[in-house]
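The values are calculated or read from the model by the stated rules, or taken from the named source; none is laboratory data. Keep in mind that this is a model prediction, so the values were computed, not measured. Here the Cβ positions follow ideal geometry from the backbone for every residue, glycine too, while neighbour counts run over all protein chains shown. In case anyone asks, the SASA skips ligands and DNA or RNA and just uses the protein heavy atoms, side chains included. Shrake-Rupley method; radii C 1.70, N 1.55, O 1.52, S 1.80 Å.
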Number of protein chains: 2
Amino acid sequence: MLVWRLTDLQAEMKRVKARVDDLILNRLLPKSSTTKEVDLLYRMMQDYPMRQAKGMRPFLCVTTCRAAGGTEDDALLTAACIELFQNWILIHDDIEDGSELRRGEPALHRKYGEALALNAGDALHARTWEAILTNEANLGLERTFAVMKEFSHMVNETTEGQHMELGWVVEKRWDLNEKDYYEMCTRKTSWYTIASPCRLGAIVAGEGGAVLGQLREFGIGLGIAFQIQDDSLNLTGDQKKYGKAKSDDILEGKRTLILLHLLAVANQGERDKIVSIMNKKREAKSASDVSYVLSLVDKYDAIGFARKRAAELMKEALVALNGIRWTGDREAAEMLTSFARFAVEREW
Amino acid sequence: MLVWRLTDLQAEMKRVKARVDDLILNRLLPKSSTTKEVDLLYRMMQDYPMRQAKGMRPFLCVTTCRAAGGTEDDALLTAACIELFQNWILIHDDIEDGSELRRGEPALHRKYGEALALNAGDALHARTWEAILTNEANLGLERTFAVMKEFSHMVNETTEGQHMELGWVVEKRWDLNEKDYYEMCTRKTSWYTIASPCRLGAIVAGEGGAVLGQLREFGIGLGIAFQIQDDSLNLTGDQKKYGKAKSDDILEGKRTLILLHLLAVANQGERDKIVSIMNKKREAKSASDVSYVLSLVDKYDAIGFARKRAAELMKEALVALNGIRWTGDREAAEMLTSFARFAVEREW
């Protein structure tokens, strides 16, 4: 089997993303009936989509569709909708987390204030559904409906996962274990990052139950692995490549696998100090608070532990993926396999 | 023609709302697969729907459907979706405006914090689309699609109108006239309050172009009239009935018709003082600032002016409504006519 090199995969993601971006930006032009009063709203909706991003999700949608016997063109609009979804959820996520940076630039609410940014996220959410509806012309009513049902499931899972993560911070909860983290990640990340993009591609190609079930397993496992790598990059990554402020997760009090492992292996004194630091409000955390947590992450090699888990999860996910008998483009199927490695080895 | 008394109309709204509430609360029960971690999210999603509300929008949807020859049962789920929409948009609106009260109780973000409330709004938005999809079982694919397209249009208009209103505050704009206000109200209020609820009812009943065009005219005009009455109640109403904090619009710097008229007729000194008060941040406005603006509202009878406009707009809206040749329940058609009066005469 041909194994795709990461640089080739990245080139392919870039290629698909460029096609999807064209579709998205065309959709987000002000309508002729629109007064200039709302020009700014359109510029705000275009803001995140125009920033540099990996384009993983559209790639997964399009590539799975091809592997399942469909064409790239059939899946392109659905891929664009996933990207639209990703962009509005990030706008709201950045407000919820009080984040400063997104994709290397100030978060939308830092540029325009929270009220306008929140509303722009809602507007983009509405445009997402509007765009899905236009699938009808190409896919017909029934398949468009199946796409919408998967989408609806995806948004439900994502908002539930987001609630779990935010709720733990608000309620200052630390009685959490690996399983809790996996549950939260499955909802917050796996569905919209891997499982649904792949399943949507398969649905567009006309696939049903069995393949969708395998893609569910693949997506959940790899999605958690992807999130673990994201958590690791947040603490160790090159901010320029990664695009978010370094150690933001500590400032935001995130319950990452790295942190939960650290709490499980640290001694009582260290544990108490970590919890008291993590429970402080963002603006109350000092640079030395962050350094202290990072020094313990190093001391106990918590990142090494998390990366080991990510590798295991990726392997299990591949078992699910390899269980699928693809009927379409073989090259596309091989790209999906290689993508799994990218998800846990990427540096950005 | 039988003219419905307001108390009868209110009883009818209450009856329809009770049926819609049953549907909604059933939809918002935690799913069996849901861990208890997300129980709070479900409680938050249920919070606004369980507060007392007029239930105008579901009433309009169901009643128009009956007038157009459909049944109440056909329209009930769509009516519930409009109510779901109304609830998530209010959650976000309250955050954007920094409101304290909603329907007589603390706004959701005052109870649970902004991050969780924002996300609960998104979750409810997703549930809205999920619920619309289930129309398929009763209405079939094509009609469900038509419902979704109207819904999509409605959400787009609402977010654009919301942007206009918030943008004027952020940009400290006061170079606005009646026409600007009508444009903003059409988008922010008319579509989701009157035009789309009526049109959705008609779509469910199988109506097409001509009736939908008339309902558009009816809805836009009456929607503006409704908003003017809302603005008046905000300054004069009984807070217990009205459910929002009195004079909140002044604290939020809203560009109401009342305020715009006041600025047009006040003398230069008064005008400068009003603008400087209105441009202050919410928390910087003193009680005497608010009293000053209210005293000028009285002095120039700006509310009288606005109410006159509302009455004119209602009359024009009725011309559009009376142009429709209803093919269904005559009693329902008469209720729509009487509703127009309610929209501008209500005290809550």
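A few notes on this one:
- Residue ID - nearest to the other protein chains (Cβ to nearest Cβ), chosen from residues in region B:192-207 that are open to solvent by 10 Å² or more (accessible area, probe 1.4 Å) and under 16 Å from the mean Cα position of the chain (by Cα): B:192
- From the options B:94, B:22, residue that is in contact with a His (Cβ under 7 Å, 6 or more places away or on another chain) and of a type in the set (D, E, K, R): B:94
- Hits in region B:7-66 - residues which are more than 14 Å from every other protein chain (Cβ to nearest Cβ), over 20 Å from the mean Cα position of the chain (by Cα) and modelled with pLDDT under 95: B:7, B:8, B:22, B:23, B:25, B:26
- Selected residue [open to solvent by 30 Å² or more (accessible area, probe 1.4 Å), small (Gly, Ala, Ser) and more than 23 Å from residue A:140 (Cα to Cα)] from A:107, A:18: A:18
- Tally, over region A:86-120, of residues that are on the phi < 0 side of the Ramachandran plot and more than 8 Å from every other protein chain (Cβ to nearest Cβ): 19
- Test for residue A:267: is it open to solvent by 10 Å² or more (accessible area, probe 1.4 Å), closer than 30 Å to residue A:7 by Cα and among the polar types (S, T, N, Q): no
- When residue A:51 is tested against (1) touching a strand residue (DSSP E or B) at 6+ places or on another chain (Cβ under 7 Å); (2) buried (at least 23 other Cβ atoms within 10 Å of the Cβ), just one condition goes unmet, and that condition is (2).
- Flag if residue A:187 is under 20 Å from residue A:97 (Cβ atoms), at the interface with chain B (Cβ under 9 Å from one of its Cβ atoms) and either in contact with a Pro (Cβ under 7 Å, 6 or more places away or on another chain) or of a type in the set (Lys, Arg) (or both): yes
One line per residue, one yes/no per condition, for (1) touching a residue at least 60 places away in the same chain (Cβ under 8 Å); (2) touching a Leu at 6+ places or on another chain (Cβ under 6 Å); (3) open to solvent by less than 20 Å² (accessible area, probe 1.4 Å):
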position: A:154; (1), (2), (3): yes, no, yes
position: A:159; (1), (2), (3): no, no, yes
position: A:163; (1), (2), (3): no, yes, yes
position: A:166; (1), (2), (3): yes, yes, yes
position: A:172; (1), (2), (3): yes, no, no
position: A:175; (1), (2), (3): no, no, no
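- Where helices (runs of 4 or more DSSP H) sit wholly within region A:232-320, none has at least 3 residues that are at pLDDT 90 or above and under 30 Å from residue A:334 (Cβ atoms).
- Test for residue B:147: is it under 26 Å from residue A:140 (Cβ atoms), at the interface with chain A (Cβ under 7 Å from one of its Cβ atoms) and in contact (Cβ under 8 Å) with a residue 40 or more places away in the chain: no
- Flag for residue B:143 being of a type in the set (Lys, Arg), touching a helix residue (DSSP H, G or I) at 6+ places or on another chain (Cβ under 9 Å), under 30 Å from residue B:260 (Cβ atoms) and open to solvent by 10 Å² or more (accessible area, probe 1.4 Å): no
- Apart from one condition, residue A:210 fits all of (1) within 14 Å of chain B (Cβ to nearest Cβ); (2) at pLDDT below 95; the exception is (1).
- Restricted to region A:278-310, and to residues there that are open to solvent by 40 Å² or more (accessible area, probe 1.4 Å) and touching a Lys or Arg at 6+ places or on another chain (Cβ under 8 Å), the residue that is farthest from residue A:344 (Cα to Cα) is A:279.
- Single unsatisfied condition, residue B:76 versus (1) over 23 Å from residue B:8 (Cβ atoms); (2) open to solvent by 10 Å² or more (accessible area, probe 1.4 Å): (1)
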